[in-house]
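Below: the structure, in structure tokens.
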């Protein structure tokens, strides 16, 4: 029998609706504000760049509070407006992210992703632009899909996240970059049955809080993201010896 936990579901949807409304109807935010780090317009942030990857039907502004938290720690934070509300297939979205990395000549980037954003990030890491990415912190990502996605009509954006989707299954079999991913999973996720663990991940962090969306505001999640971004950024330091002069 399905685990309903109606109270958790209700609070999760309230959080999602409130932040979707803020993202769509709230004051327009210039993405460049996040690039400054500590809100210092002329200061050069001392720490490595971060790129936010929202989940399905989320714009980058859904993750804006998390982005400000990372920026306050001194990281320039990038977003990809071309993702829109993130309805495209994972491969298509990954190409747009890769193009952003190349156009802005970003290197040693740490991706911070929510839900479907983690699948997009892993696809980027496996592609030609993967060398620009130091690692990824992925929150509540359906690494092997969600059985609930199968209830959506064929061709819908959510249906592509069903466990039977061949692209998703192929991505799950690719484990070459998993060691550079910190997988963060809620105690219970109403949208992704199962553990939320990623085989071969650098580590899987299990939060005390539940919910697919509401955990984005948990103090434990914020601290996990902040510390993991620093840790993964160190992986992006040059591994090859410098070329002799």
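Data table
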| quantity | calculated |
| --- | --- |
| Flag for residue 63 being outside any strand (DSSP E or B) and touching a strand residue (DSSP E or B) at 6+ places or on another chain (Cβ under 6 Å) | yes |
| Residue that is more than 19 Å from the chain's Cα centre (by Cα), modelled with pLDDT of 85 or more and either under 27 Å from residue 75 (Cα atoms) or surrounded by 17 or more Cβ atoms within 10 Å (Cβ to Cβ) (or both), where the choices are 16, 43, 21 | 21 |
| In region 24-40, the residues that are under 20 Å from the mean Cα position of the chain (by Cα), modelled with pLDDT under 70 and either farther than 20 Å from residue 70 by Cβ or not in a loop (DSSP other than H, G, I, E, B) (or both) | 32, 33, 34, 35 |
| Any hit, region 149-159, residues being more than 23 Å from residue 204 (Cα to Cα), touching a residue at least 12 places away in the same chain (Cβ under 8 Å) and buried (at least 22 other Cβ atoms within 10 Å of the Cβ) | yes |
| Condition broken by residue 183, with the remaining ones in (1) more than 20 Å from residue 220 (Cα to Cα); (2) outside any loop (DSSP other than H, G, I, E, B) satisfied | (1) |
| Which listed residue is closer than 22 Å to residue 63 by Cβ, under 16 Å from the mean Cα position of the chain (by Cα), free of Cβ contacts under 8 Å to residues at least 60 places away in the same chain and not in a loop (DSSP other than H, G, I, E, B), from 136, 125 | 125 |
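The values are calculated or read from the model by the stated rules, or taken from the named source; none is laboratory data. Just so it is clear, the structure is predicted and the values come from calculations on it, not from any experiment. Positions of Cβ are generated from backbone atoms using ideal geometry, with glycine treated the same way; all protein chains shown enter the neighbour counts.
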